[in-house]
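Chemist: Let me begin by handing over the structure; questions about it come next.
The values are calculated or read from the model by the stated rules, or taken from the named source; none is laboratory data. None of the values given here were measured: they were computed from a predicted structure. Cβ: placed from backbone, ideal geometry, glycine included. Neighbour counts: every protein chain shown.
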Amino acid sequence: MPICSVCSIDKEQSLFSRDKKSKTGYSYRCRECRSSYGKQYQKQYSSKLKEIAHQYYLENRERIIEKTVTWRTENPEKAKKHLVTYYENNKEECYIRNSTWKKANSHKVCAQTQKRNSSKMNRTPSWTTDVDLFILEEAYHLAKLRTSSTGIEWQVDHIFPLQGKLVSGLHISNNVQVVPAVWNQKKNNSFDPMYPDKQFYFGVQDGFFD
Ligand SMILES: [Zn+2]
């Protein structure tokens, strides 16, 4: 009976896998030793192996994405199952990736949330364009920048409130302005057509124009 070159145990031939390259036609290592070597190799070089896989992905990105999209469209049920399984097995990673993206794109998240909220109120017209959404996103981005550079909170305000008492405005780019949060809260959805300068008055009163 052959002896394994790793564990030096005398084993039955069937416990060795076939190997065309070896003289005997069988591997010099028993199945058990081969398998534990493979596991050890994976463990030892996991970062290297990941790097190789990632490099392959980068070099073939377009092709891989195209293939994936095609497969997903053809197998929607399976794709959904895969996604759920992936999420179940990588909850923490998914959460971190998601919140990192949200943090870096908070203006987009705000614009999306506002869009959702305002369409709930039916204040986003059907003719909203991509350019309009882009300008709205930019407004939320500007509010974020001003907040971090001035130390006071800035918000995106609807000049004509989405749900005003007398008049309701639309969630469109030319109905928004970036204003200090305190000002926005004072305005409190009260646009008065009799006193259209009321907002300006709040600004003067709070000393924002000093
Ligand atoms: Zn062995």
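Chemist: Residues of region 20-36 being within 16 Å of the ligand (Cβ to nearest atom) and either at positive phi or at pLDDT 90 or above (or both), which ones?
Modeler: Residues satisfying the conditions are Tyr26, Ser27, Tyr28, Arg29, Cys30, Arg31, Glu32, Cys33, Arg34, Ser35, Ser36.
Chemist: Now for a separate question. Going by what's in this entry, would Arg123 be described as of a type in the set (D, E, K, R), assigned by TED's automatic domain parsing to the domain that holds Gly169, assigned to a helix (DSSP H, G or I) and within 30 Å of Ser168 (Cα to Cα)?
Modeler: So Arg123 does not fit the description; no.
Chemist: Being surrounded by fewer than 11 Cβ atoms within 10 Å (Cβ to Cβ), small (Gly, Ala, Ser) and assigned to a helix (DSSP H, G or I), is that true of even one residue in region 74-93?
Modeler: no
Chemist: A further question on this structure: Which condition does Gln177 not pass, out of (1) at pLDDT 85 or above; (2) part of a loop (DSSP other than H, G, I, E, B), if it passes all the others?
Modeler: With respect to (1) at pLDDT 85 or above; (2) part of a loop (DSSP other than H, G, I, E, B), Gln177 is out only on (2).
Chemist: Another question, then. Here's a check for you: in region 45-73, which residue that is surrounded by fewer than 11 Cβ atoms within 10 Å (Cβ to Cβ) and among the hydroxyl-bearing types (Ser, Thr, Tyr) is farthest from the chain's Cα centre (by Cα)?
Modeler: Residue satisfying both the conditions and the ranking: Ser46.
Chemist: A further question on this structure: I'm checking my understanding of the structure. Among residues of region 180-210 that are polar (S, T, N, Q) and closer than 23 Å to Thr113 by Cα, which one is modelled with the highest pLDDT?
Modeler: Going through region 180-210, the residues polar (S, T, N, Q) turn out to be 184-185, 188-190, 199, 205.
From what's left, closer than 23 Å to Thr113 by Cα: 184-185, 188-190.
Numbers: Asn184: 70, Gln185: 67, Asn188: 57, Asn189: 52, Ser190: 54.
Restricting to residues being polar (S, T, N, Q) and closer than 23 Å to Thr113 by Cα, the top hit is Asn184.
Chemist: Based on what the data block shows, is Ser47 more than 14 Å from the ligand (Cβ to nearest atom) and assigned to a loop (DSSP other than H, G, I, E, B)?
Modeler: Spelling it out, it is not the case that Ser47 is more than 14 Å from the ligand (Cβ to nearest atom) and assigned to a loop (DSSP other than H, G, I, E, B).
Chemist: Quick check, is Thr85 more than 16 Å from the ligand (Cβ to nearest atom) and modelled with pLDDT of 90 or more?
Modeler: no
Chemist: In the list Leu136, Leu162, which residue meets the criterion of being within 21 Å of Lys103 (Cβ to Cβ) and modelled with pLDDT of 75 or more?
Modeler: Leu136
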